[in-house]
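Novice: Have a look at the structure that comes next, please.
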Amino acid sequence: METNKNRRNFLKSAAVLGAVALSNPLEIFAGTNESAKSLAELKPVNGKYELPPLGYAYSALEPHIDAKTMEIHHTKHHQAYINKLNEALDKEVQLKNVPLDYMLRNLNSMPDTVKNVIRNHGGGHWNHTFFWSILKTGTKPSAQMSNLIQNSFGNMENFKKEFEKAGLGLFGSGWVWVVNQMGTLKIITTSNQDNTIMENAEVKAKPILGCDVWEHAYYLKYQNKRADYLAAFWNVLNWDQVEANLR
Ligand code: MN
């Protein structure tokens, strides 16, 4: 029922877009878990995108990610991406009911006037909403998850090493992602607020986890020591959600 309704709404939005070709419309609703569903349905409320609640306290990830960083990251940085996105979409009313997920997956078909804003600020909104959902202390990978990591990277230690190396090697601001490509996990980095669902992504796949390596994500506590932040990231990774993202 819910899916049919979503698809109806989606088709309605797509019809408004007119010329936009559907690259893979069913993929948008492939997620079955709450987080994936809410991301696929991320769209404006009364014409405006809103800052989603974290679902936990700013201090919940202490001492690995400090409360002040979380608060500024959420209320200032994430909010700023949303504000800029709203501002641009005010001038493109035909996009008002199109899910963000769809706009990112079909970036090349977006009007030139807002394409870059959707990419940078829409990407920022999607990425941060995703990021908050995969953070929690005290979880552990399941046997299934551990097997998948073992099959893809040899062992957990090597996976973490490769992930941290990728994050450290990323010049400037960006993200490190893990995607599931037909049963094999891959580590992908993107610059700025790009991600792996965007139309021009090097590997186009829904991420199962991601780490924000912009300095604003760690500077207050770690200053220039990105390596320390990446090493601490494992303490706040919500493995339950990562596993749910596989489905
Ligand atoms: Mn950020």
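Novice: Regarding residue 184, is this residue open to solvent by 10 Å² or more (accessible area, probe 1.4 Å) and within 16 Å of the ligand (Cβ to nearest atom)?
Specialist: no
Novice: Within the range 218-247, how many residues are in a helix (DSSP H, G or I), of a type in the set (S, T, N, Q) and buried (at least 20 other Cβ atoms within 10 Å of the Cβ)?
Specialist: 1
Novice: Oh, and also: Would you call residue 136 touching a residue at least 12 places away in the same chain (Cβ under 8 Å) and under 17 Å from residue 61 (Cα atoms)?
Specialist: yes
Novice: Anything in the range 50-63 that is more than 16 Å from the ligand (Cβ to nearest atom) and part of a loop (DSSP other than H, G, I, E, B)? List them, or say none.
Specialist: Answer for the range 50-63, where residues must be more than 16 Å from the ligand (Cβ to nearest atom) and part of a loop (DSSP other than H, G, I, E, B): 50, 53, 55, 56, 57, 62, 63.
Novice: If you take the residues in the range 189-215 that are more than 24 Å from residue 243 (Cβ to Cβ) and among the polar types (S, T, N, Q), which one is farthest from the ligand (Cβ to nearest atom)?
Specialist: 200
Novice: Only residues that are within 15 Å of the ligand (Cβ to nearest atom) and surrounded by 14 or more Cβ atoms within 10 Å (Cβ to Cβ): list them for the range 171-181, please.
Specialist: Correct list: 173, 174, 175, 176, 177.
Novice: Taking the condition open to solvent by 40 Å² or more (accessible area, probe 1.4 Å), within 19 Å of residue 74 (Cβ to Cβ) and either outside any strand (DSSP E or B) or outside the structural domain of residue 176 (by TED's automatic domain parsing) (or both), does residue 204 pass?
Specialist: No: the conditions fail for residue 204.
Novice: Kindly list the number of the only condition in (1) more than 28 Å from residue 163 (Cα to Cα); (2) open to solvent by 40 Å² or more (accessible area, probe 1.4 Å); (3) in contact with a Phe, Trp or Tyr (Cβ under 7 Å, 6 or more places away or on another chain) that fails for residue 83.
Specialist: Just one mismatch for residue 83, condition (3).
Novice: Quick one: residue 98 ticks every box in (1) open to solvent by less than 10 Å² (accessible area, probe 1.4 Å); (2) among the hydrophobic types (A, V, I, L, M, F, W, C); (3) within 30 Å of residue 46 (Cα to Cα); (4) in a helix (DSSP H, G or I) except a single one, so which number is it?
Specialist: (4)
Novice: Filter the range 129-144 down to residues that are assigned to a helix (DSSP H, G or I) and either more than 30 Å from residue 64 (Cα to Cα) or more than 16 Å from the ligand (Cβ to nearest atom) (or both), then give me how many there are.
Specialist: 2
Condition check ((1) closer than 20 Å to residue 39 by Cβ; (2) free of Cβ contacts under 8 Å to residues at least 24 places away in the same chain; (3) within 16 Å of the ligand (Cβ to nearest atom)) across all residues:
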site: 93; (1), (2), (3): no, yes, no
site: 103; (1), (2), (3): yes, yes, no
site: 127; (1), (2), (3): yes, no, yes
site: 152; (1), (2), (3): no, no, no
site: 169; (1), (2), (3): no, yes, no
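The values are calculated or read from the model by the stated rules, or taken from the named source; none is laboratory data. The shown structure was predicted, so the numbers you read here are calculated from the model rather than taken from an experiment. Glycine also receives a Cβ, built like all others from the backbone with ideal geometry; neighbour counts cover every protein chain displayed. All accessible areas refer to the heavy atoms of the entire protein, side chains included, with ligands and DNA or RNA removed. Shrake-Rupley method; radii C 1.70, N 1.55, O 1.52, S 1.80 Å.
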